[in-house]
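Undergrad: First, the structure itself, so that you have it in front of you.
The values are calculated or read from the model by the stated rules, or taken from the named source; none is laboratory data. From a predicted model like this one, the values you see are computed outputs, not experimental measurements. Cβ placement follows ideal geometry from the backbone for every residue including glycine, while neighbour counts extend to all protein chains displayed. Heavy atoms of the whole protein, side chains included, go into the accessibility calculation; ligands, DNA and RNA do not. Shrake-Rupley method; radii C 1.70, N 1.55, O 1.52, S 1.80 Å.
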Amino acid sequence: MLSHGVRPSPTGSVARRVDLPEDAIPTRWYNIMADMEHLPAPPLHPATGRPVAPEDLAPIFPRALIEQEMCAERWVDIPAPVREVYRTWRPTPLYRALGLERALGTPARIYYKYEGASPAGSHKPNTAVAQAYYNVQAGVRRLATETGAGQWGSALAFACSQFGLACTVYMVRVSYEQKPYRRSLMQVWGAEVYASPSRRTAAGREVLETSPDSPGSLGIAISEAVEDAATHADTNYSLGSVLNHVLLHQTVIGLEAKQQMALVGEYPDVVIGCIGGGSNFGGISFPFLMDRLQGRRMVRALAVEPTACPTLTKGALRYDFGDVAGLTPLLQMYTLGHDFVPPGIHAGGLRYHGDSPLVSRLYEDGLVEAKAYGQVGVFEAAVQFARAEGFLPAPESAHAVKAAIDEALAAKEQGKERVILFNLSGHGSFDLAAYDAYLAGKLEDYEYPEQLVAAALERLPKVPGR
Ligand SMILES: *Cc1c(COP(=O)(O)O)cnc(C)c1O
């Protein structure tokens, strides 16, 4: 009687929420590098242009994370103390979006994984907890990092509080001023927070010299945090996205989602995530892409970005710096140029100039698709979702919501079934000012102009011999 072979819940109806017991938290992360046909080209040292050696990274990262960055093993054990902290909020629930399906009148079945259930309200603690753990193990006393909208800073502040580490956060100045509550949350968890550019670092002072009113950018804040870590022996640096080890840690999302989909007899046709640096998208999609890379399933993976920061859809695959000052290694990634200063859209977490080298390579090889949306349509989708499902999405996550709705409407148009899975990467309770602006009709769309991309790519670092 049940349509589509979806297994009923114990009460006889179609399951709306699929939960796993605590002991179903994965014991290993999945490393997609073991299955990729082409790996990204190696990171290069910013001064010599030679491939980065593990010793080059030792001043700012613990050995365990450097090894994971370059790891070839398919499965990496999750340390017991990390799983112990994960148990605070994991496994996160998987929902069937029955309310949204009804509102859309679609034959598609829509599922979402809810990462807003963590203490910090997003997926970011999945890697923050792991990074804090490995740093404590290595004898580090303090972590320095940057944050844009404050999501990563709050995730790391929370993780450091769990392991007794000090935490210093360089917060992009506009957000520091516009999002005081995220700053308070970091301070509640014991972090010191500075508006970036700050006078605490040479990188910050240099920017302030030429532009004293600089609103800051993620690239500038990264320069400050890296400099802080490199110049203090007891301090390491921590990055919330982009790098291989970060995406590795985030695969708990997709590994749990696979178990949950299997419990209701489902497998997605398409897996969707919003993309800033690529960590939540990689986290939900890589365990499914494993099946595609190993030739078992044909699953689509769709990354969704803002038209204001169209890294995959308008950028190019090049070697570029991760920061403005050019202190970080050169990464081969889709980029808009490291001096990209993004327009002030509300999805603060999606304003980074680059993307994960792993996602970039998979996109180049046709294994990942990408789509860009303007923010007005994104907020419209978020409000429709909140009215149908109750949860208020973070503006970043709302990009994935919009794409899931479009997939469901396309299925309706074609009169076809389709199983859609997306990651609801965070809740929007700290973003009500953005919702206010949307409801008051004050949001505008912004297309980042093609000429600016072309000009920025001209300014990319020259890489010897490549
Ligand atoms: C930071 C953030 C993102 C974007 O970062 P990724 O590394 O691309 O996942 C997306 N959603 C939320 C809720 C975030 O906090």
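Undergrad: Do we have Phe321 as touching a residue at least 24 places away in the same chain (Cβ under 8 Å), away from the ligand (no atom under 16 Å from the Cβ) and crowded, with 20+ Cβ neighbours inside 10 Å here?
TA: Taking the combined requirement at face value, the residue satisfies it.
Undergrad: Given the criteria assigned to a strand (DSSP E or B), of a type in the set (Ser, Thr, Tyr) and open to solvent by less than 10 Å² (accessible area, probe 1.4 Å), does Tyr95 qualify?
TA: no
Undergrad: A follow-up question, please. Please tell me if Met298 is touching an Asp or Glu at 6+ places or on another chain (Cβ under 9 Å), at pLDDT 95 or above and surrounded by fewer than 24 Cβ atoms within 10 Å (Cβ to Cβ).
TA: Judged against the criteria, Met298 is a match.
Undergrad: Here are the criteria: (1) free of Cβ contacts under 8 Å to residues at least 24 places away in the same chain; (2) within 29 Å of Glu84 (Cβ to Cβ). Tell me which single one Ala47 does not satisfy.
TA: Only one criterion is unmet by Ala47, namely (2).
Undergrad: Name the residues in the range 175-194 that are open to solvent by less than 40 Å² (accessible area, probe 1.4 Å) and either in contact (Cβ under 8 Å) with a residue 40 or more places away in the chain or part of a helix (DSSP H, G or I) (or both), would you?
TA: Ser175, Arg182, Leu185, Met186, Val193
Undergrad: Any residue in the range 195-214 that is modelled with pLDDT of 95 or more, open to solvent by less than 10 Å² (accessible area, probe 1.4 Å) and within 16 Å of the ligand (Cβ to nearest atom)?
TA: no
Undergrad: For the range 67-84, enumerate the residues that are part of a helix (DSSP H, G or I), open to solvent by 20 Å² or more (accessible area, probe 1.4 Å) and not hydrophobic (A, V, I, L, M, F, W, C).
TA: If the condition is that a residue be part of a helix (DSSP H, G or I), open to solvent by 20 Å² or more (accessible area, probe 1.4 Å) and not hydrophobic (A, V, I, L, M, F, W, C), then Glu67, Glu69, Pro81, Arg83, Glu84 are the ones that fit.
Undergrad: Restricted to the range 345-361, and to residues that are within 14 Å of the ligand (Cβ to nearest atom) and part of a helix (DSSP H, G or I), which residue is most open to solvent (accessible area, probe 1.4 Å)?
TA: Among them, the one singled out is Gly349.
Undergrad: Of the residues Leu452, Leu443, only one is at negative phi and assigned to a helix (DSSP H, G or I); which?
TA: Result: Leu452 is the single residue among Leu452, Leu443 that is at negative phi and assigned to a helix (DSSP H, G or I).
Undergrad: For the range 98-122, give me the residue count where each residue is within 16 Å of the ligand (Cβ to nearest atom) and not in a helix (DSSP H, G or I).
TA: Number satisfying all stated conditions: 8.
Undergrad: Given the conditions (1) farther than 28 Å from Glu417 by Cβ; (2) charged (D, E, K, R); (3) buried (at least 24 other Cβ atoms within 10 Å of the Cβ), which single one is not true for Arg87?
TA: (3)
Undergrad: Next question. What is the residue count in the range 150-171 for residues that are in contact with a helix residue (DSSP H, G or I) (Cβ under 7 Å, 6 or more places away or on another chain), near the ligand (Cβ under 9 Å from one of its atoms) and open to solvent by 10 Å² or more (accessible area, probe 1.4 Å)?
TA: Residues that pass the stated criteria total 1.
Undergrad: Here are Val299, Val324: which of them is touching a Lys or Arg at 6+ places or on another chain (Cβ under 6 Å) and not small (Gly, Ala, Ser)?
TA: Residue meeting the stated conditions: Val299.
Undergrad: Moving on. Can you run down the residue pairs with Cβ atoms below 6 Å, 6 or more apart or on separate chains, where the first is in the range 298-312 and over 16 Å from Gly282 (Cα atoms) and the partner is part of a helix (DSSP H, G or I)?
TA: That search, which allows pairs on different chains as well, returns Pro306/Leu350; Cys309/Leu350.
Undergrad: Kindly indicate whether Arg418 is in contact with a helix residue (DSSP H, G or I) (Cβ under 8 Å, 6 or more places away or on another chain), within 24 Å of Gly283 (Cα to Cα), more than 16 Å from the ligand (Cβ to nearest atom) and not assigned by TED's automatic domain parsing to the domain that holds Gln151.
TA: So Arg418 passes the test.
Undergrad: Please determine whether any residue of the range 230-249 is open to solvent by 40 Å² or more (accessible area, probe 1.4 Å), of a type outside the set (Val, Ile, Thr), more than 19 Å from Pro43 (Cβ to Cβ) and assigned to a helix (DSSP H, G or I).
TA: Scanning the range 230-249 turns up no residue that is open to solvent by 40 Å² or more (accessible area, probe 1.4 Å), of a type outside the set (Val, Ile, Thr), more than 19 Å from Pro43 (Cβ to Cβ) and assigned to a helix (DSSP H, G or I).
Undergrad: Being outside any loop (DSSP other than H, G, I, E, B), away from the ligand (no atom under 15 Å from the Cβ), modelled with pLDDT of 95 or more and open to solvent by less than 50 Å² (accessible area, probe 1.4 Å) narrows it down to one of Ala372, Ala388, so name that one.
TA: Checking each option against the conditions leaves just Ala388.
Undergrad: Still on this structure: Given the criteria in the same structural domain as Leu165 (by TED's automatic domain parsing), more than 7 Å from the ligand (Cβ to nearest atom), open to solvent by 10 Å² or more (accessible area, probe 1.4 Å) and of a type outside the set (D, E, K, R), does Leu255 qualify?
TA: no
Undergrad: Under 7 Å between Cβ atoms, at least 6 apart or on separate chains: pull out the pairs that start in the range 126-145 with a residue that is open to solvent by 10 Å² or more (accessible area, probe 1.4 Å) and end on any residue that is basic (Lys, Arg).
TA: If the second residue must be basic (Lys, Arg), the pairs left are Ala138/Arg63.
Undergrad: Still on this structure, I have one more. Considering only the range 258-287, how many residues are among the small types (Gly, Ala, Ser) and either open to solvent by 10 Å² or more (accessible area, probe 1.4 Å) or in a loop (DSSP other than H, G, I, E, B) (or both)?
TA: 5
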